[in-house]
Amino acid sequence: MGKTTVRGTLSFGRNGRSRVNFEDSSDSISLARGNSGTGLHGDIVELFRLPPKKKDRKKKGTKPKPPRYEVGKIVKRNTDEFLGHFSQEIGRPMVRSENSRVPVPFKVMGDTRNAQEQDKVLVKFVRWEAPSRVPTCRIIKVLGPGNDARTDHKGILAKYGLSQSFPPKVEEEAKAFGEKVTAKDRKGRKDMRNIFTLTIDPLDARDFDDAISMNMLDNGEFEIGVHIADVSHYVKCGSSLDNEARKRANSTYLVGQVVPMLPHSLSSGICSLVEGEERLVKSVIFRFSANFELLGNHLFESVIRSDKRLTYEQALLFLKKESLKEILEVSPPPSRYSGNPGFPLKDVNESILQKIHQTVQALGKIAASLRHKRMENGSLELSSFEVKILVDDMGQPEKIYQNTDDESHQLIEEFMLLANQTIARQTRKRRLPVVYRTHPDPDPDNLLELRHFMSLFGITCGELTIRKEVKKMLAQIKRSPISQVLRIKFLRSLQQACYRASPDGHYGLAMQDYLHFTSPIRRYADLVTHRAVESIIRKNSNKNSSTESLEGLAKKLSVSERNSIDAERESVKDKLILYYKRDLESRKPVKHEALITEINRRGFFVELTLTLARGFVPIRTLPRELGYRMTSSGTSLVGRNPKNKLKIGQSLMVQIDKINALDKQMDFRLV
């Protein structure tokens, strides 16, 4: 770095120290305190080289000091709108950013909008130019008290550009459809209301896109119906509803709240396949032999009535238990968490319960057969645990539990995958305008790095660009005592799934033709698919969208999806921080079982076994006399006595040391 001026991205650490990183190099330049000028975290800056200090000038026989730099010019600002906390400092209104990587306070210009001390606010950066010592901002919106869980929720909405309200015209269009399916709506549709139909969804589901039915034929064959909410019947292309749905691209599921793609009168109203109500659907009927061989399928528009809404937990009981008595003895889930819980099982007629039992068990067997064949065809087992947090009316976490990929989830998953693949094949053959769900092959360099990492834990891998070898590795991971850590490492080595205008294949599912059809209430991509499906059913042309416009739509949907995923993850983090704050405030420290997931020179990361909450154990909290140091492989910390060893995948007990609510980070110490 011998240049007089260099350009790069300014980055601040949480300790206030700054450095500049370069896009085409792994090198970086550390800046002395005070040399970052008016730069903020993430800004593109130009550095000027400073002359060496007198005392640092090269003396004979001494090593020259590295060159010194300072920020001389801001090329491009990264900060526009951000969240912060309002305060009066020496009589001046100020805002301190929620991001600790922005350590400087901002002076408020103009109206404070009646912000109170420590209120969380959304602000817009105005300017920061020398010789001013602090930047300026304007308050856009006061979100509420900084210590209120509901304010955190508003903060996420503001940060990720999400809105729970809809423009009046959009609401009017949605409400015009009413609350009931009419005779006019049913015209031209197949009547499936007398076919026994179920929905199986999470406990806290707010909208119900899909239902499943089973009809046993006299010859021993099965007709399995996958029924998907007919959103395209209500949301017409080019309408205000459609434009708003396209803009939002998908629903976002924050903890305890959903930010819907469609107004509630549709998403949890006339479109939602709730128990006991007539609903319009697009149906794919699959015919299976008595030996569960797929014989064919048929696609049409119909009207159904869901006979029972089941949670995954209830469906699992019907799959596992042989007697209705055992099922009814299990405590029912609290109905307050669900948007539409349906009748409690204890109030359901016994003949209906027996029908549910028979249907769920038969569906489970067919789904298991589908899953077995899918895995034989090369599909990868990529499921992982996820945490579910239930909150009270004030947004405070009440209960946390893990969602496991059990047989009840797999039952629904297999039929939805089959429906998505079936529709994808038909749209490709007819060259209809849809966006496909693709999962690119992993980068060979990532697989090489993964192979080396696995070898450190006794997992022998062949050539991982060959699917057969990947499946062998996953089988070994499944048997490993540290399977959770290794599975996460494998998932991180893969590319992200995305939307494209062409059927470029899905690596994880080992399917060439795949798209999204089964969730049109919450994904715009599925709504686009439904419009193409209408042209298949009605045998008319629907080739208006050019490949170029579909590519633009696919890119937009992919970006929006990542934005929602980030918002959802931050929402989970917020609630976990609130939940564990109670531990820190309790007089008696609470012990938690944890797993070491990653190690660096400053300490190691852990994941709590019960809630999957992540945190850091700084090496400074370990007994100093033991002298822990990181090994060259980076997989363990070893003390002076080799018996003292902390390694990736090791289970141990920790307690919370401190919580940084602003950065949403927890530090632990060993018990």
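The values are calculated or read from the model by the stated rules, or taken from the named source; none is laboratory data. Quick caveat: nothing in here was measured; it's all calculated off a predicted structure. In this analysis, Cβ positions are derived from the backbone assuming ideal geometry, glycine residues included, and neighbour counts consider all displayed protein chains. The area values use the complete protein model at the heavy-atom level, side chains included, leaving out ligands, DNA and RNA. Shrake-Rupley method; radii C 1.70, N 1.55, O 1.52, S 1.80 Å.
Of note, GLU326 does not satisfy the criterion of being within 21 Å of ILE212 (Cα to Cα), charged (D, E, K, R) and modelled with pLDDT under 95.
Pairs under 9 Å by beta carbon, first residue aliphatic (A, V, I, L, M) in the range 410-432, partner open to solvent by 40 Å² or more (accessible area, probe 1.4 Å), six or more apart or different chains? Cβ pairs passing all conditions: LEU411/ALA368; LEU418/LEU294; LEU418/ASN297; ALA419/ASN297; ALA424/GLN512; LEU432/LYS543. Of all residues in the range 359-400, those satisfying the criterion of being among the polar types (S, T, N, Q) and farther than 24 Å from LEU491 by Cβ are THR359, GLN361, SER369, GLN396. Here GLN164 meets each of (1) in a loop (DSSP other than H, G, I, E, B); (2) out of contact with any strand residue (DSSP E or B) (no Cβ under 7 Å at 6 or more places or on another chain); (3) within 30 Å of ASN563 (Cβ to Cβ) with one exception, condition (2). For the structure I just gave you, tell me whether ILE536 is among the β-branched types (Val, Ile, Thr), closer than 23 Å to VAL255 by Cα and either open to solvent by 20 Å² or more (accessible area, probe 1.4 Å) or in a helix (DSSP H, G or I) (or both). No. Annotation: of all residues in the range 596-625 being hydroxyl-bearing (Ser, Thr, Tyr) and under 19 Å from LYS658 (Cβ atoms), the one that is surrounded by the fewest Cβ atoms within 10 Å (Cβ to Cβ) is THR621.
If I ask for residues that are open to solvent by less than 10 Å² (accessible area, probe 1.4 Å), among the small types (Gly, Ala, Ser) and either under 11 Å from VAL231 (Cβ atoms) or out of contact with any Ser or Thr (no Cβ under 9 Å at 6 or more places or on another chain) (or both), which ones from the range 249-280 would you list? Selection gives SER267, SER272. The conditions of being open to solvent by 80 Å² or more (accessible area, probe 1.4 Å), farther than 25 Å from ASP207 by Cα and in a helix (DSSP H, G or I) are met by LYS365. Among the residues of the range 307-329, the one identified as within 25 Å of the chain's Cα centre (by Cα) and of a type in the set (Gly, Ala, Ser) is ALA315.
If the condition is being within 23 Å of THR438 (Cβ to Cβ) and either open to solvent by less than 30 Å² (accessible area, probe 1.4 Å) or part of a loop (DSSP other than H, G, I, E, B) (or both), then the range 372-411 contributes ARG374, ASN377, GLY378, SER379, LEU380, GLU381, LEU382, SER383, SER384, ASP405.
Within the range 48-79, being under 23 Å from ASN15 (Cα atoms) and either at pLDDT 95 or above or assigned to a loop (DSSP other than H, G, I, E, B) (or both) holds for PRO66, PRO67, ARG77, ASN78, THR79.
Restricted to the range 297-314, and to residues there that are aliphatic (A, V, I, L, M) and closer than 14 Å to PHE208 by Cβ, the residue that is surrounded by the most Cβ atoms within 10 Å (Cβ to Cβ) is ILE304.
Which members of the range 95-108 meet the condition of being touching a residue at least 40 places away in the same chain (Cβ under 8 Å) and either in a strand (DSSP E or B) or of a type in the set (S, T, N, Q) (or both)? VAL95, ASN99, SER100, listed by residue number.
Does GLU322 satisfy the condition of being in a helix (DSSP H, G or I), open to solvent by 70 Å² or more (accessible area, probe 1.4 Å), without any contact (Cβ under 8 Å) to a residue 12 or more places away in the chain and out of contact with any Asp or Glu (no Cβ under 9 Å at 6 or more places or on another chain)? In short, no.
Taken over the range 3-47, residues that are open to solvent by less than 20 Å² (accessible area, probe 1.4 Å), β-branched (Val, Ile, Thr) and modelled with pLDDT of 90 or more amount to 3. Among the residues of the range 457-488, those that are open to solvent by less than 30 Å² (accessible area, probe 1.4 Å) and either among the charged types (D, E, K, R) or over 18 Å from LEU595 (Cβ atoms) (or both) comprise CYS461, GLY462, LEU464, VAL470, MET473, LEU474. Does ILE356 satisfy the condition of being buried (at least 18 other Cβ atoms within 10 Å of the Cβ), more than 25 Å from the chain's Cα centre (by Cα) and farther than 30 Å from LYS468 by Cβ? So ILE356 passes the test.
Are any of the residues in the range 137-156 in a loop (DSSP other than H, G, I, E, B), more than 30 Å from SER18 (Cα to Cα) and not aromatic (Phe, Trp, Tyr)?
The answer is yes, given that some residue of the range 137-156 is in a loop (DSSP other than H, G, I, E, B), more than 30 Å from SER18 (Cα to Cα) and not aromatic (Phe, Trp, Tyr).
Residue-level check: of (1) closer than 23 Å to GLY238 by Cβ; (2) of a type outside the set (S, T, N, Q); (3) at pLDDT 95 or above; (4) open to solvent by 20 Å² or more (accessible area, probe 1.4 Å), LEU553 misses just (4). If you go through the range 167-211 and keep only what is of a type outside the set (A, V, I, L, M) and in a strand (DSSP E or B), you end up with LYS190, ASP191, THR197, THR199, ASP201, ASP210.
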